[in-house]
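The values are calculated or read from the model by the stated rules, or taken from the named source; none is laboratory data. Given the structure is predicted, the values throughout are model-derived calculations rather than measurements. Here the Cβ positions follow ideal geometry from the backbone for every residue, glycine too, while neighbour counts run over all protein chains shown.
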Amino acid sequence: MKDDCIFCKIANHVIESDYVYEDDLVCAFRDMNPAAPTHVLVVPKEHYATIVDGVPQETLAAMAKAIDEVVKSEGIDESGFRVITNAGPDADQVVKHLHLHVLGGRFLGESLLAE
């Protein structure tokens, strides 16, 4: 855990959040500023800056499982959803901890972002 990382603190329950899913490697919680009716962040409990930061396959598999569990529990598995990760300043990554945005609950349109 990186001491100055907000997502490390949330993922490890130093700071509590509105959790949707959790296992030994990852947790998922609701975004504080949702861009869609369903906007959940899936984060690893270990600190990785981005998805290309040497993330173990086991952690990536756990993140995929978390997405599956989230979309089912949120009822968006059949209507559709979007998964986005931002990496680096040009992608506007605000928190420098790997996180996947799971967005759904309404028509998201052709734009990459949930407008």
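Name the residue that is surrounded by the fewest Cβ atoms within 10 Å (Cβ to Cβ), counting only residues in segment 64-97 that are among the hydrophobic types (A, V, I, L, M, F, W, C) and either part of a helix (DSSP H, G or I) or in contact (Cβ under 8 Å) with a residue 60 or more places away in the chain (or both). It comes out as 91. Candidates in segment 98-115 are the residues that are touching a Phe, Trp or Tyr at 6+ places or on another chain (Cβ under 7 Å) and assigned to a strand (DSSP E or B); of these, the one that is farthest from residue 3 (Cα to Cα) is 104.
Being of a type in the set (S, T, N, Q), in contact (Cβ under 8 Å) with a residue 12 or more places away in the chain and touching a Pro at 6+ places or on another chain (Cβ under 9 Å): is that true of residue 59 here?
On the way: of a type in the set (S, T, N, Q): yes; in contact (Cβ under 8 Å) with a residue 12 or more places away in the chain: yes; touching a Pro at 6+ places or on another chain (Cβ under 9 Å): yes.
Yes: the conditions hold for residue 59.
Those residues that are modelled with pLDDT of 95 or more and over 24 Å from residue 72 (Cα atoms), I need them from segment 1-52; list them, please. Correct list: 5, 6, 8, 9, 14, 15, 46, 47, 48, 49, 50, 52.
If you go through segment 80-92 and keep only what is modelled with pLDDT under 95 and over 17 Å from residue 55 (Cα atoms), you end up with 89, 90, 91, 92. Under the condition of being in contact with a strand residue (DSSP E or B) (Cβ under 6 Å, 6 or more places away or on another chain), over 15 Å from residue 82 (Cα atoms) and either of a type in the set (Phe, Trp, Tyr) or not in a strand (DSSP E or B) (or both), the residues counted in segment 26-49 number 1.
Residue by residue, here is whether (1) more than 26 Å from residue 107 (Cβ to Cβ); (2) touching a Lys or Arg at 6+ places or on another chain (Cβ under 7 Å) holds:
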residue: 2; (1), (2): yes, no
residue: 19; (1), (2): yes, no
residue: 23; (1), (2): yes, no
residue: 37; (1), (2): no, yes
residue: 48; (1), (2): yes, no
residue: 82; (1), (2): no, no
residue: 96; (1), (2): yes, no
